[in-house]
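The values are calculated or read from the model by the stated rules, or taken from the named source; none is laboratory data. Because the structure is predicted, anything quoted here is derived from the model rather than measured. All Cβ positions, glycine included, derive from the backbone under ideal geometry; neighbour counts span all protein chains shown. When the accessible area is computed, the model is the full protein with side chains, heavy atoms only, and any ligands, DNA or RNA have been set aside. Shrake-Rupley method; radii C 1.70, N 1.55, O 1.52, S 1.80 Å.
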Amino acid sequence: MMSSTIVQDIIHQHGGDKALLLQVLLAVQDADPQKYLSEESVNEIARILEIPRSRVYSTASFYSEISLQPRGIYLIRVCTNAPCENAGKALVLQAIEKELGIGAGQTTSDGIFTVECVNCLGACYMSPAIKVNDVIYGDLTPEKAVKIIAELRKEYQDGQNTSGSCI
Amino acid sequence: MNKMKIFVNGQEVWIEKDSTVLNAVKQQGIDLPTLCHHPDQRVKANCRVCVVEVEGVKNLVASCSTKVAEGMRITTNSPRVRETVRTILELIFADHPHECLTCIRNGNCELRQLASKYGVRDIEGEKANNIFPQDKSTPSLVRNPNKCIKCGRCAEVCHHTQNVGILYSHNRGTEVCIAPEYGKQLAEVACVLCGQCALVCPVGAIHEKDDTDLVWEALANPHKHVVVQTAPAVRVSIAEEFGLPPGEISTGKLVTALRKLGFDQVFDTDFTADLTIMEEGHELLQRMQTGKNLPLLTSCSPGWINYIEQYYPGLLPLVSTCKSPQQMFGALAKTYYAQSSGIEPKNIFVVSVMPCTAKKYEAARPEMNSSGFRDVDAVLTSRELGRMLRQEGMDFQKLTESEFDAPLGISSGAAAIFGATGGVMEAALRTVYEVVTGESLCKLEFSEVRGMEGIKEASVELDGKEIKVAVAHGLDKAKKVMELIQSGKADYSFVEIMCCPGGCIGGGGQPYGTTNEVRAKRIEALYQVDENMPVRKSHENPAVQDLYRDFLKEPLGELSHQLLHTEYRNRGLSIN
Ligand code: SF4
Ligand code: SF4
Ligand code: SF4
Ligand code: FES
Ligand code: FES
């Protein structure tokens, strides 16, 4: 759950400008621990900007950059633009989907991974590329992708264990 | 010169400069197909069925969104145009349930009519399944998203005319849908159930909840004494259900038709409209004496009540506590009328014929049962009554005229104009003026509060004191007035609000084809009804005088409070 003050602050930073709705939505999504736009956030934005909820939702549901579902701890964005496509994105995506047992646009049931297809990540020089949260991985092969997932899993489990050992 | 020369199918014609191609062609007696276009709305140009050829332009152009230009050569009847229109229709149908036979709009669906006109015979592609559930969450409306052609007419009226913004376009590409956010049902959002969306929908994707079976059943039940009341607005619109031009006054035929349907008594909501004026007029006088809770806001429009309960709950103390005429009628039918006729209230079934979908919700409110029984048992919209009369095989035009039954069918001209924006105000002023001054008005017409202007203001001299009044219709205008009141910038004493544009005659349950032009004609007809009445002031209605003498005793008395008044509550942003 996002606190209402964070939403208010973000809207304030955007000058309370209705015309900047999309930017507000993106910023609120970014600030959300689950990296998505929750219904509470949609309602809060609608209330403060005095826009009907249906219109806030309309914008949110139109742009692929905005997720209306909670996303995993690791958000894997797979580039589907032409250069990556030509460099073998399809096999990479397939490998990731198979490894995680989910399709693009979905989140694993343990809430750890989300896979999404996006346009150019600005890493065309090392296509095919993916981005996991803020880190870009390039020149991928299906094998490399599977390895990255294994590493992320380990990283997550180590994190869990350390926090566990603190008790 | 305000006109320019253009050519339509080779013929030279002179057209207003600012005109659209669509209007220019229509003026030549050529009816172009349209779906997303609506004469009272902004141009949306998303359906493309209105295309024509323009010389020198490679692609066909949408006539609804293209302005005429000097010397323009327009062709509407080429094979290319015809085939394109047919293809567009086929594409729409390929993604549409093939259910015309059982569809509520079968007979007046704009899409179906075009398909018939353009000879759509084959539909490519799979028949779309009913993948989306229907929304039957409210007593007023049914949404069937499977039949939605995404024309956007409902969203436009909901966002602009009503400014509540419930229905809107969501998602993108093939997943676009017109719905409340998160695909919620109407009962879960702050919809006011005005039905304006249903009124403009060209197809069967939003429509009134049909209660005709409920009424047929009651009529067939020998143990039920079924009485009917008709709202003022229905008498000037029901003829349109039978193809007659708007603005026909058909009170007498309507009464005959209802009697032929088998109602035991045919009464008139106008009777309780007069009663409302007595109660609300005295409420106004009381508040002006104490200076508290001013301005008094009218309460007869249930869409408006749904609005203020959700959007301006802080202003609820200003709203008149009077029930609407529909509900007052029900309460009296099951008490006053039950007693005088010796019929047990539990055996009386009250039906009302209303121009309104929100009236169905109002009748279903749990607090509306002051006799111990539900005030009003079933509400039919004008469209549903049209349907029943057609099922009965009635030739409306050929009906003779007859009169409402007494006493709940006796009314004044002041009650008739309740159906038009400004009418409640005018009716109230006629009575309040005479009650306060003890003098009789030499001129009954308050023309400042008449007409289609969105917000109307007037000041009236009452016993040497100047009072200011305002009238608004359509919720966008109501909102503006509420903002003024909330910010303390308004010094009105009395404000009339009607949820629908034009007032009840423009309600969401009225015959299809209701445009602002049609609304203006119905309004004119209602003022004519008023002029033709022998009694034109509510307090002079003899049946209302009897009611007070024999039953209620006095306006705002104990019995009035029990039967005719109600209370409101803050609902938050959801009608349930
Ligand atoms: S909405 Fe019109 S086209 Fe669609 S099923 Fe109903 S009548 Fe047929
Ligand atoms: S009934 Fe009125 S408020 Fe509700 S969706 Fe339709 S137009 Fe909007
Ligand atoms: S519900 Fe009706 S008016 Fe609204 S977009 Fe769909 S077809 Fe058009
Ligand atoms: S095309 Fe894939 S990163 Fe630019
Ligand atoms: S009527 Fe012109 S584009 Fe729909």
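Counting Cβ atoms of other protein chains within 10 Å of each residue's Cβ and taking the mean over peptide B:165-177 gives 4. Both the radius of gyration and Dmax for the protein assembly as shown are 30.3, 97 Å, in that order, over alpha-carbon atoms.
When each of the peptides B:455-467, A:49-61 is scored by how many other beta carbons lie within 10 Å of its residues on average, the order from highest to lowest is A:49-61, B:455-467.
Put simply, the Cα atoms of the stretch B:474-576 extend 42, 37, 33 Å along their principal axes, the longest span coming first.
Using the Cβ of A:Leu91 as centre and a radius below 13 Å, the other residues enclosed give a net charge of -1, where K and R count +1 and D and E count -1. Computed from backbone phi with θ = phi - 60° and the Karplus coefficients 6.51, -1.76 and 1.60, the 3J(HN,Hα) list for the stretch B:546-557 is 4, 4, 5, 5, 8, 9, 6, 6, 8, x, 6, x Hz; x is used for glycine and proline. Sequentially through the stretch A:47-60, phi angles give Karplus couplings (6.51, -1.76, 1.60; θ = phi - 60°) of 5, 6, 7, 6, 10, x, 3, 4, 7, 5, 5, 4, 5, 4 Hz, Gly and Pro residues having no value and appearing as x. A simple rule links phi to the HN-Hα coupling: the Karplus curve 6.51 cos²θ - 1.76 cosθ + 1.60 with θ = phi - 60°, which for the stretch B:421-437 gives 4, x, x, 5, 4, 4, 4, 5, 5, 4, 7, 4, 4, 6, 5, 6, 8 Hz, with x for Gly and Pro.
Over the stretch B:1-129, Cα pairs under 8 Å with separation of 6+ residues give a relative contact order of 24 percent. Between A:Glu85 and A:Ile112, what's the calculated FRET efficiency when r is the beta-carbon distance and R0 is 35 Å? Round to 0.05. The formula returns an efficiency of 0.85 here. With Cα atoms defining each centre, the stretch B:490-516 and the stretch B:330-380 are spaced 24 Å apart in the structure. Restricting to DSSP loop positions (anything but H, G, I, E, B) with no more than 13 other Cβ atoms inside 10 Å of their own Cβ, which trypsin sites (Lys or Arg not before Pro) remain in the stretch B:142-237? Passing sites in the stretch B:142-237 are B:Arg172. Between helix A:142-165 and chain A there is an angle of about 60 degrees, using the helix long axis and the longest principal axis of the Cα atoms. Shape of the stretch A:4-62 from its Cα gyration tensor (a ≥ b ≥ c, root eigenvalues): rounded if a/c is under 1.5, otherwise prolate when a/b > b/c, or oblate? Judged from the Cα gyration tensor, the stretch A:4-62 comes out rounded (a/c under 1.5).
Residues B:His159, A:His14, ordered by accessible area of protein heavy atoms at a 1.4 angstrom probe radius and largest first, appear as A:His14, B:His159. With contacts taken as Cα pairs under 8 Å and at least 6 residues apart, the stretch A:4-62 reaches a relative contact order of 35 percent. Restricting attention to chain B, close to 55% of DSSP beta bridges with both partner residues there are antiparallel.
Across the alpha-carbon atoms of the stretch B:63-109, the computed radius of gyration and Dmax are 15.8, 48 angstrom. When a 1.4 Å probe is rolled over the protein heavy atoms, the share of accessible surface on the stretch A:4-62 that falls to carbon and sulfur comes to 49 percent.
Over the stretch A:1-125, the fraction of Cα-Cα pairs per 5 Å bin, rounded to whole percents and listed from the shortest bin up, is 2, 11, 20, 18, 16, 14, 11, 6, 3, 0. Where Rh is the Kirkwood radius over the Cα pairs of the stretch B:232-389, the temperature 4 °C and the viscosity 1.567 mPa s, what D in µm²/s does Stokes-Einstein return? Approximately 76 µm²/s, per Stokes-Einstein.
Pairs of Cα atoms nearer than 8 Å and 6+ residues apart set the relative contact order; for chain B it is 16 percent.
Rolling a 1.4 Å probe across the protein heavy atoms gives chain B an accessible surface of 40 Å² per residue. Using the Cβ-Cβ distance between B:Leu244 and B:Lys224 with R0 set to 35 Å, the FRET efficiency from 1/(1 + (r/R0)^6) comes to roughly 0.65. Here's the list of lysines a cross-link from B:Lys253 could span, going by alpha-carbon distance under 23 Å and ignoring same-chain residues fewer than 8 apart: B:Lys398, B:Lys521.
To put it simply, the accessible area of the stretch B:411-555 at a 1.4 Å probe is 47 percent carbon and sulfur.
Top mean-square fluctuation among A:Ala46, A:Ala95, A:Ala19, Gaussian network model of chain A, C-alpha springs under 10 Å? Looking only at A:Ala46, A:Ala95, A:Ala19, the largest GNM fluctuation is found for A:Ala19. Distance from the C-alpha centroid of the stretch B:23-83 to that of the stretch A:1-73: 40 Å, rounded to the whole angstrom.
For the stretch A:75-97 versus the stretch B:392-410, the inter-centroid distance based on Cα atoms is 73 Å.
Full extension of the chain segment joining B:Leu315 with B:Gln339 gains 4.9 nm, where the gain is 0.36 nm per residue of separation less the Cα-Cα distance. Remark on the stretch B:181-207: accessible area falls by at least 40 square angstrom from chain-alone to full-complex state for B:Glu181, B:Tyr182, probe 1.4 angstrom.
Based on alpha-carbon atoms, the Kirkwood radius and the radius of gyration of the stretch B:74-136 give Rg/Rh equal to 1.04.
To the nearest ten degrees, helix A:21-31 and the longest principal axis of the Cα atoms of chain A are 60 degrees apart. Near B:Asn221: Cβ cut-off under 13 Å, other residues only, Lys/Arg at +1 and Asp/Glu at -1. The net charge is -2. Of the cross-linked pairs B:Lys292/B:Lys323; A:Lys98/B:Lys184; B:Lys136/B:Lys479; B:Lys147/B:Lys209; B:Lys224/B:Lys323, those separated by over 22 Å at the C-alpha level are A:Lys98/B:Lys184; B:Lys136/B:Lys479; B:Lys224/B:Lys323.
Given the C-alpha atoms of the stretch B:160-219, compute the convex hull and give its volume per residue in Å³. In the stretch B:160-219, the Cα hull volume divided by residue count equals 129 Å³.
Of the GluC sites (Glu not before Pro) found in the stretch B:53-100, those that fall in a DSSP loop while having at most 11 other beta-carbon atoms within 10 Å are B:Glu55, B:Glu70.
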